[in-house]
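Below: the structure, in structure tokens.
The values are calculated or read from the model by the stated rules, or taken from the named source; none is laboratory data. This structure is a prediction, so every number in the text was calculated from the model and none was measured. Note that each Cβ is placed from the backbone with ideal geometry, even for glycine, and that neighbours are counted across all protein chains shown. Note: accessible area is taken over every heavy atom of the protein model, side chains too, but ligands, DNA and RNA are not part of it. Shrake-Rupley method; radii C 1.70, N 1.55, O 1.52, S 1.80 Å.
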Amino acid sequence: MKVLLIGGGGREHAIAAAIVKSRRVDKLYCAPGNAGIAKIAECVPIGVMEFDRLIDFAKEKQIDLAVCSQDDPLCAGIVDAFEAAGLKIFGTRKNAAIIEGSKAFSKQLMKKYGIPTAAYEIFTDADRAVEYLRSCDYPIVLKADGLALGKGVLICKDFDQAQDGVREIMLDKKFGSAGNELVIEEFMTGREVSALAFVDGTHYRLMSSSQDHKRIGDGDTGLNTGGMGTFSPSPFFTEEIRKVCDRTIFQPTVDAMAKEGRPFRGVLYFGLMLTPQGPKVVEYNTRFGDPETQVVLPRMKTDIIDVFEACMNGTLDKISLAFEDNAAVCVVLASGGYPLHYEKGKVIAGLENFDGKPDLYCFHAGTKFDDEGRVVTNGGRVLGITALAPTLKEARAKAYEAVRLVSFEGMYMRHDIGKAIDDAQ
Ligand code: AMP
Ligand code: GLY
């Protein structure tokens, strides 16, 4: 079968690696892909928002299945567009992708169906938001309603910071139109866990758990990023907590979307906080997490194409999703200056050192070929180095050893990815 994967980040590299492992796939195309994906798929220079060109390409090449797991195209209706053209695609339709596309929608959904989450208020008027903030306890969390590359969240320690935050989001429009509505919510404390599930509209199958590290600096300091590293499984997400989540969060969310006439098909990402009052939802995403995917999919044993099809056909209850009984750690190598200003076009040395090492992956996030055919940096997050091992501790040591295999000017990483694992032992 011929598959077209849409996207070009580290997450897509990990999805591509899972797709080419499928016994059912003969040919994988990726649009636009990147320099790493180009080693396992044929990359085509079409952007993720160019729906007409993607559809023309899929028809011309007689693609059997398209796959999209990126928020912008999903929220803009790429699945609806492919389906309208008579093409098969794995991903979430626009009316369900709103669960990520609008934080106001997802908060209202949780309130309506009694799904545990932080208490909140929604504002469309900056003056009223500031007025409300005078009566709040601190810290408090401000969230731009729409998509903002994972950066539209501000944690404010006092009224002055919060007032500045309202100005940035609602008046200066730091995150563009995403800031037309503002969610102000209670600050929660606890361990964060990412739980990704395949969903077919009615049933879900949970993947192995993971944990992201969103801040740029060691010890969770500095600005929020797209994610600086992950580990899987999370030792904090115990079987007991999973059962609570099944009952209070996972199935209720799938049922709520169906009841709202927005049946969810695709990958539903539950960002959870294990608070002293029990697990609560921090956020939903309508896609695989990045870089969670870089530690979850290398551990998945089930053929990913079978799972995609079951999601599309409503037969996920017939699938038993299996993961290796091992662990993975991913350390992101970023461009110096990220998440603010950084340079691109730096030559990456040592990539060949990963060849023939089955327990190591070098996932490309922001890379491309330059005019001379060299692999150069092309984004803030450049590479994700994933190591597999029998235990989390070993995987962590192995990942930090492996980061030394590559280098580029200005390379930056956190040194404490997975350090939390030590607390669990
Ligand atoms: P989000 O984009 O909603 O995932 O938020 C980004 C990060 O901000 C989360 O991963 C949390 O670390 C933090 N965060 C978001 N909402 C809250 C909250 N209500 N309480 C505490 N931390 C939060
Ligand atoms: N790693 C967080 C996200 O994918 O949104």
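Some notes on this structure:
- In the stretch 344-380, the residues that are under 25 Å from the mean Cα position of the chain (by Cα) and of a type in the set (S, T, N, Q): THR367, THR377, ASN378
- The residue list THR221, THR225 contains one member that is in contact (Cβ under 8 Å) with a residue 12 or more places away in the chain, within 16 Å of ligand 1 (Cβ to nearest atom) and more than 30 Å from ARG247 (Cα to Cα), which is THR225.
- LEU223 open to solvent by 50 Å² or more (accessible area, probe 1.4 Å) and under 19 Å from the mean Cα position of the chain (by Cα): yes
- Conditions (1) part of a strand (DSSP E or B); (2) polar (S, T, N, Q); (3) open to solvent by less than 10 Å² (accessible area, probe 1.4 Å): number failed by SER234: (1)
- The set of residues from the stretch 167-198 being within 16 Å of ligand 2 (Cβ to nearest atom), in contact with an Asp or Glu (Cβ under 8 Å, 6 or more places away or on another chain) and open to solvent by 60 Å² or more (accessible area, probe 1.4 Å) comprises just one member, GLU192.
- Flag if GLY101 is out of contact with any Leu (no Cβ under 8 Å at 6 or more places or on another chain) and within 16 Å of ligand 2 (Cβ to nearest atom): no
- Test: residue in the stretch 36-47 that is open to solvent by 20 Å² or more (accessible area, probe 1.4 Å) and within 13 Å of ligand 1 (Cβ to nearest atom): no
- Each residue in the stretch 205-218 was checked for being more than 16 Å from ligand 2 (Cβ to nearest atom) and surrounded by 23 or more Cβ atoms within 10 Å (Cβ to Cβ), and 0 pass.
One line per residue, one yes/no per condition, for (1) part of a helix (DSSP H, G or I); (2) open to solvent by 10 Å² or more (accessible area, probe 1.4 Å); (3) within 16 Å of ligand 2 (Cβ to nearest atom):
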residue	(1), (2), (3)
ILE241	yes, yes, no
GLN251	yes, yes, no
GLY261	no, yes, no
TYR269	no, no, yes
GLU283	no, yes, yes
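- Residue in the stretch 197-207 that is under 24 Å from ILE15 (Cβ atoms) and near ligand 1 (Cβ under 10 Å from one of its atoms) present: no
So that you can scan it fast, the table gives a plain yes or no per residue for (1) basic (Lys, Arg); (2) away from ligand 1 (no atom under 12 Å from the Cβ); (3) farther than 28 Å from GLY227 by Cβ; (4) in a loop (DSSP other than H, G, I, E, B):
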residue: GLU100; (1), (2), (3), (4): no, no, no, no
residue: ALA104; (1), (2), (3), (4): no, yes, no, no
residue: LYS112; (1), (2), (3), (4): yes, yes, yes, no
residue: GLU131; (1), (2), (3), (4): no, yes, yes, no
residue: CYS136; (1), (2), (3), (4): no, yes, yes, yes
residue: LEU142; (1), (2), (3), (4): no, no, no, no
residue: GLN161; (1), (2), (3), (4): no, yes, no, no
residue: ASP164; (1), (2), (3), (4): no, yes, no, no
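- Members of the stretch 141-176 that are of a type in the set (A, V, I, L, M) and farther than 25 Å from THR286 by Cα: ALA162, VAL166, LEU171
- Single condition GLU185 does not satisfy, out of (1) more than 16 Å from ligand 1 (Cβ to nearest atom); (2) within 27 Å of PHE264 (Cα to Cα): (1)
- Counting only strands (runs of 3 or more DSSP E) that sit completely within the stretch 304-389, those holding 1 or more residues that are over 18 Å from GLY229 (Cβ atoms) and open to solvent by less than 30 Å² (accessible area, probe 1.4 Å) correspond to 375-377.
- Search result, residues across the stretch 93-147 that are open to solvent by 20 Å² or more (accessible area, probe 1.4 Å), more than 26 Å from ASP246 (Cβ to Cβ) and within 19 Å of the chain's Cα centre (by Cα): LYS94, ASP145, LEU147
- Taking each residue of the stretch 183-204 that is at positive phi and looking for partners that are assigned to a strand (DSSP E or B) and more than 16 Å from ligand 2 (Cβ to nearest atom) with beta-carbon atoms closer than 7 Å, six or more apart or interchain, yields GLY190/LEU274; GLY190/THR275; GLY201/ARG265.
- Scan of the stretch 75-92 for residues that are open to solvent by 10 Å² or more (accessible area, probe 1.4 Å) and away from ligand 2 (no atom under 16 Å from the Cβ), ordered by number: ALA76, ASP80, ALA81, GLU83, ALA84, ALA85, GLY86, LEU87, LYS88
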